[in-house]
Amino acid sequence: MTTKTLLGGGMACLLALSTAAAGAALEIAEPATVGLSAERLGQIGSALRAEVGRGAIPGAVVAVARRGKMVYHEAFGLLDQAVGTPMPKDAIFAIASLTKPMTTVGALMLVEAGRMVLEDPVGRYLPELANRNVATKSGTEPARRQTVVQDLMRHTAGLTNGIANGSELERQYYELTAADRTSADLIERLGRLPLHYHPGARWDYGLGFDVMGVIIERLTHRRLADYQAENLFAPLGMIDTGYFVPPAKASRFARPFKTDPLTGEPTNARLRTAPPLRDSGGNHSYSTAIDYLRFAEMLRRKGTLDGHRYLGRKSVEFMTSDQMTPDIDLDRLWTRGNMHGYGFGLSVAVRRETVASGMLGTPGDFNWGGGSGPYFWVDPKEELSVVFMAAAPGEIRNRLRQLITATVLQALE
């Protein structure tokens, strides 16, 4: 590995930090100029202050753009309840699975460069994961086909994150989600476990993006953090996004309550101030509402922002299209909060014509959230990009996602 690689994202993060400030903010506009009611947007704040007041969340930051212009960026509640610090607009959050869409963009850049194709077998890049077996009630059997790159990014790889049913195999998968193991160790251990399902048979949330991150590293001979910082974070102006929070910025880290307000179980603040052993493609990164809004807006604009193209239009259209065919079992997707009736693309849920969840929206909009509380969605037809950041792990986050979609959409003129 090169010296740059061994720095664990240090050089690339410095590059991101040096990005010109002018690139870090969307044009600001009055809501009325883009068809939103300023008065009705005020209901976002009313609703979130009520949530803070009743002890549901410590605080939140919301950023809204329409037609390419930012019309709302507000902070509520507390950054750290223990010391009473008010929530700043540039608060840094652990964004958990909002890492996955960023990894998808990084992977699609390599597809566009001809470094891989989506139907390549994973074993082409990671021989340890070729020719897998699948767990059955009586033992294992050979997989009906190879896992391909596309499976990793649409959660049809037969991998899980180890939290579904409490079985011994699930426990072994769960142990692999930690950031305190190297990429090589992750793949070696994963290669010794059977798949949960035949590739392409079932949607199930899992370690596919962690594997995708390792493929990116092997193709580029760089740490994932360095590759993402150079190709996405720095040029996009995501100056506070990365795989750890530098000590100088740690005072802006948003902390959850010490215990879950619904269950009373302890929570994890997830603050990391030094590079991890492994940069997870599926988890463990940090960002701000304004940084992630730039990323979301780039996707809404089909891969371009501020005159720079990150992905081709057709790549973004493919990423955000429903790829769940009738033969794929979607029960696990539809049991996730607010996702009943949705389809799925690469790393994002895609709204179908008819859904059976409480999420307001428009057919074709796409979204995803993180287990630590953050959420984003893009509505191409309404020309909306929205980011909701909160340190709110646990089931409360599903209610908050319905709340934020309803309070934003009701402001459309």
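Please treat every number below as a calculation from the coordinates, not as lab data. In this text, all values refer to a predicted model and were calculated from it rather than measured experimentally. Reconstructed Cβ throughout: ideal geometry from the backbone, glycine too, with neighbour counts over all protein chains shown.
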Most to least packed among 381-392, 137-148 [average Cβ atoms within 10 Å]: 381-392, 137-148
Give me the percent relative contact order of region 205-300, please, defined on Cα pairs under 8 angstrom at least 6 residues apart. 39
The chain, dipole about Cα centre (Lys/Arg Cβ +1, Asp/Glu Cβ -1), debye to the nearest 20: 220
For region 111-217, calculate the relative contact order in percent as a whole number, restricting contacts to Cα pairs under 8 Å that are 6 or more residues apart. 33
Estimated [θ] at 222 nm from DSSP helical runs (n ≥ 4, -39500 (n - 2.57)) normalised by residues in the chain, nearest 500: -8500 deg cm²/dmol
Amide H contacts under 5 Å for Y72, placed H, 5+ residues apart: V64
Output ordering of 28-35, 369-376 (per-residue mean of other Cβ within 10 Å, highest first) is 369-376, 28-35
For region 45-136 the mean separation of alpha carbon contacts under 8 Å (6+ apart) over residue count, i.e. relative contact order in percent, is 15
Counting only other residues whose beta carbon sits under 13 Å from that of P380, what net charge do I get with K and R as +1, D and E as -1? +2
Cα-based reach from K314 at 29 Å (exclusive), listing lysines while leaving out same-chain residues under 8 positions away: K69, K100, K302, K381
Note the angle between two axes, namely the Cα long axis of helix 396-409 and the longest principal axis of the Cα atoms of the chain, as a number of degrees from 0 to 90, rounded to the nearest 10. 50
Once a ≥ b ≥ c are taken as the square roots of the eigenvalues of the Cα gyration tensor of region 146-186, is the result rounded (a/c under 1.5), prolate (a/b larger than b/c) or oblate (a/b not larger than b/c)? oblate
From the residues G312, G45, A63, which one has its Cα farthest along the dipole of the chain in the positive direction, the dipole being from +1 and -1 charges on Cβ of Lys/Arg and Asp/Glu about the Cα centre? G312
What net charge is computed for the residues neighbouring S183, neighbours being all others with C-beta under 15 Å from the C-beta of S183, Lys and Arg scored +1, Asp and Glu -1? -2
Working from Cα positions, state the angle (0 to 90°, nearest 10) between the long axis of helix 289-300 and the longest principal axis of the chain. 70
Relative to the longest principal Cα axis of the chain, at what angle does helix 38-53 sit, 0 to 90 degrees, rounded to 10? 70
Check L79: other-chain or 5+ apart residues with amide H under 5 Å from its amide H, H built from backbone geometry? T85, M87
Sequence-distant residues sharing a close amide H with V134 (under 5 Å, placed H): E141, A143, L195
